[in-house]
Amino acid sequence: MNLLQQFSGNKKFVFSVMVLLPLIVIALFGPLIIRHDPLEMNTKRVLEPPSTDFLLGTDEYGRCILCRMIIGIRPTLFVAFGGAAVAMMAGSTLGLTAGYIGGKLGNVIMRAIDIVLCFPPILLAMLVVGLWGTGIINLLLVIGILYTPHFCRIAYSTTLKLRKAEFVENQRILGASTLRIVGKTLFPNILSPLIIQFSITVANGILLESGLSFLGLGVPPPHPSWGQMIGKAKNHIVTHKHYMFFPSLCLCLTILATNLMGDALRDVLDPKLKESH
Amino acid sequence: MARFFAKRTLTAIIQVLIVTTIVFFALKMMPGDPVLLMLSRDGSSVDPAAYEALAKQLGLDKPILRQYRNWLTGLFTGDLGMSYTERRPVMDAIGDRLPRTLELAGASLLIAVVIGIPLGIAAAVKRGSWVDLLLTGISSLGQSVPVYVFGYILVLIFALNMRLLPSSGYVPIHRNPVEHFRRLILPACTIAFGFSASMLRMTRSSMLEALSSEFVRPLYARGLSKARVHMKHMVRNMLIPVVTIIGLQLGALIAGTVLCEAVFNWPGIATLLVKAISNRDYPLIQGCMLILSIIFIVTNMVVDLLYGLLDPRAR
């Protein structure tokens, strides 16, 4: 059975694609769909219930909740995917280097990586954001730094296992350069665990970004993000339940879909683990 | 064994030193002058003599390495400097709030263990049945609902609709123990939900492993009942996943506590830190970061040591 068939036969995968794909499309084309300016305040139409004009009602400044939710996907996905990509690139490069070349350099890399793990993740993020200010690029870098160690450790341990494998030795005997061996021979063979980790990191990134935004330490207002909207909606939880309901629902669905994507990737790419789950 | 203990403790000490160094220099690299910030929070002009005096009092006129040394010695004597906004020593502010955070985290851990492990065992024993499906389904949902969203769901149900419990706040235990615990229930259950979900999954998978392992069959052959085998011979093996999950999820527990304190206005160290960050109160940020990171490192160490005690292979 080829990979595509395996994926399309996996219910978790199908579900998460059905949630994530429209989400990404909406994030990309959001500005074309929305009917109101998500930043425009309207003091005369504050905290309205859903209507034909404002499909999900308005917030405490009279801004359209639906429009803000559509635009609010962007920072979350950008930060989560971007941060995970940074972490994957940095982590796998460091891990491959440490694993293949080893020696003193490898030791230095792995010890340096351990330092990041000394901090509780959310606190390190809060420290960085507290010192260098909130903002999307800072959030992206924080997620990149926080999850680099995870990728690095995976790349390191799998490279160590494969370093002396026959197909790698063959390349070396044939006279391939170190760069070529690492990039073309080793990397494709350690890719599956890294992809699985990537999807886990995206889920964690979404949780972290929305959590920080909820605390008011993430995406700076007036620009919207789901976590931030939930944080604002808490003041109106008694009178305007819909304000909190829709961003919360979307956030939960998105995280659920990313988690299931991780499970599905693990099922297909790493069948050895399947029995224990 | 002694060697393992010594090695792990030494690692933790080095980690604490690294963390303190990073926190200190990260704050020194900050733009903005703390003395100016203390004297005039609105940016008005400052009397140079007053500036000199305060800089001298805070020790900020000394070279940076000297400041670092002073700060480190201050750490051991419990002096973390003065908070700009609280107008009192950082250590006092933390000392007030840390016990509350630890109480909240401890209570939720307890609830998570009490709920997660029995349900995990049940799911493993009844593998494939509707009980198993329901429990694993709920637990994968539990890992997808952010702490604060679940917190508000609980507030809506138990505080606003049923009016059983207060929706937020804190009452000191010496003033009114009943109210104190009534206000602890919702936040603790909120954190415990996600935590017990991962506890359930971990217990289930390690119980499944234990059920199919080789030491189990001879027990049946000796005529022991099913319940007796499950309870007596596997529980010791159950402790290992509990310790593992605490180690793995410690970061998540801290994150959960941080967010949950914000939802329920629980006046713990996390709300203090969030306030300090929004006010740019650097000594307070430094102090909170430091104390929480040290707790994180020490707990991780204890988890590893316990793990070594329970499972000799991990040493």
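Taking every residue in B:250-259 and counting other chain Cβ atoms within 10 Å of its Cβ, the average works out to 5. Using θ = phi - 60° in the Karplus curve 6.51 cos²θ - 1.76 cosθ + 1.60, the 3J(HN,Hα) couplings for segment B:274-285 round to 4, 5, 4, 5, 5, 8, 6, 8, 4, x, 5, 4 Hz; x is entered for Gly and Pro.
Solvent-accessible surface of segment B:75-221, taken per residue with a 1.4 Å probe and all protein chains present: 50 Å². For B:K275, the aspartates and glutamates whose Cα falls under 19 Å of its own Cα, not counting residues fewer than eight places away in the same chain, are A:E209, B:D42, B:E86, B:D92, B:D96, B:E261. Distance from the alpha carbon centroid of segment A:235-255 to that of segment B:98-136 works out to 26 angstrom.
The overall shape of segment A:1-120, judged from the alpha-carbon gyration tensor, is oblate: a/c is not under 1.5, and a/b is no greater than b/c. Using C-alpha pairs below 8 Å separated by at least 6 residues, the relative contact order for segment B:59-130 is 12 percent. For segment A:2-10, putting each phi into the Karplus relation 6.51 cos²θ - 1.76 cosθ + 1.60 with θ = phi - 60° gives couplings of 7, 4, 5, 5, 4, 5, 6, x, 8 Hz, in residue order, rounded to whole numbers and with x for Gly and Pro.
Sequentially through segment B:292-307, phi angles give Karplus couplings (6.51, -1.76, 1.60; θ = phi - 60°) of 5, 5, 5, 4, 4, 5, 5, 4, 4, 5, 4, 4, 5, 5, 4, 4 Hz, Gly and Pro residues having no value and appearing as x. Roughly how far apart, in whole Å, are the Cα centres of segment B:262-315 and segment A:65-134? Measuring centre to centre over Cα atoms gives 20 Å.
Of the trypsin sites (Lys or Arg not before Pro) found in segment A:148-233, the ones in coil according to DSSP and having at most 13 other Cβ atoms within 10 Å of their Cβ are A:K164.
Listed by chain and number, the lysines whose C-alpha is less than 28 Å from the C-alpha of A:K11, apart from same-chain residues fewer than 8 away, are A:K272, A:K274, B:K126. The long axis of helix B:234-264 is offset from the longest Cα principal axis of chain B by roughly 40 degrees. Only lysines eight or more places from A:K241 in sequence, or on another chain, were considered; those with a Cα closer than 17 Å are A:K232.
Solvent-accessible surface, computed for protein heavy atoms with a probe of 1.4 Å, shrinks by 20 Å² or more for the following residues of segment A:112-126 when the other protein chains are added to the isolated chain: A:I115, A:C118, A:F119, A:P120, A:P121, A:I122, A:L123, A:M126.
Take the accessible area of A alone and of B alone, subtract that of the pair with a 1.4 Å probe, and the total buried over both chains is about 3400 Å².
Amide H contacts under 5 Å for B:M82: B:V90, restricted to partners 5 or more places along the chain or on a different chain, H placed in the peptide plane at 1.01 Å from N.
Within segment A:1-101, the trypsin sites (Lys or Arg not before Pro) that combine a DSSP coil assignment with at most 11 other C-beta atoms in a 10 angstrom radius are A:R35. Spin-label model, A:V14/A:S177: points 7 Å from Cα along the beta carbon direction are separated by 4.8 nm.
Applying a 4.7 Å Cβ-Cβ cutoff to the protein assembly as shown leaves A:C118, A:C152, A:C250, A:C252, B:C189, B:C260, B:C288 as cysteine residues with no disulfide-compatible partner. Looking at segment A:60-275, the accessible area is 40 square angstrom per residue; that uses a 1.4 Å probe and ignores ligands, DNA and RNA.
Taking all protein chains together and a 1.4 Å probe, the residues A:H223, B:H180, A:H236 rank A:H223, A:H236, B:H180 from largest to smallest accessible area. Out of the total accessible area of the protein assembly as shown (probe 1.4 Å, heavy atoms of protein only), what percent is carbon and sulfur? Carbon-and-sulfur percentage of accessible area, whole number: 66.
In segment A:53-77, which residues have a backbone nitrogen under 12 Å from the label point lying 7 Å from A:I33's Cα in the Cα-to-Cβ direction? Counting backbone N atoms under 12 Å from the label point, the list is A:66-74. Would the protein assembly as shown count as rounded, prolate or oblate if I go by the C-alpha gyration tensor, calling it rounded below 1.5 in a/c and otherwise prolate when a/b exceeds b/c, oblate otherwise? Rounded, since a/c falls under 1.5. Using 1/(1 + (r/R0)^6) with R0 = 41 angstrom and r between the beta carbons of A:E166 and B:E214, what's the FRET efficiency to the nearest 0.05? E between A:E166 and B:E214, to the nearest 0.05, is 0.75. Applying both filters, DSSP loop and at most 11 other Cβ atoms within 10 Å, to the trypsin sites (Lys or Arg not before Pro) of segment B:96-177 gives B:R163, B:R175.
The values are calculated or read from the model by the stated rules, or taken from the named source; none is laboratory data. Note that the structure is a prediction, hence the values are computed from the model and not measured. All Cβ positions, glycine included, derive from the backbone under ideal geometry; neighbour counts span all protein chains shown. With ligands, DNA and RNA removed, areas are computed over all heavy atoms of the protein, side chains included. Shrake-Rupley method; radii C 1.70, N 1.55, O 1.52, S 1.80 Å.
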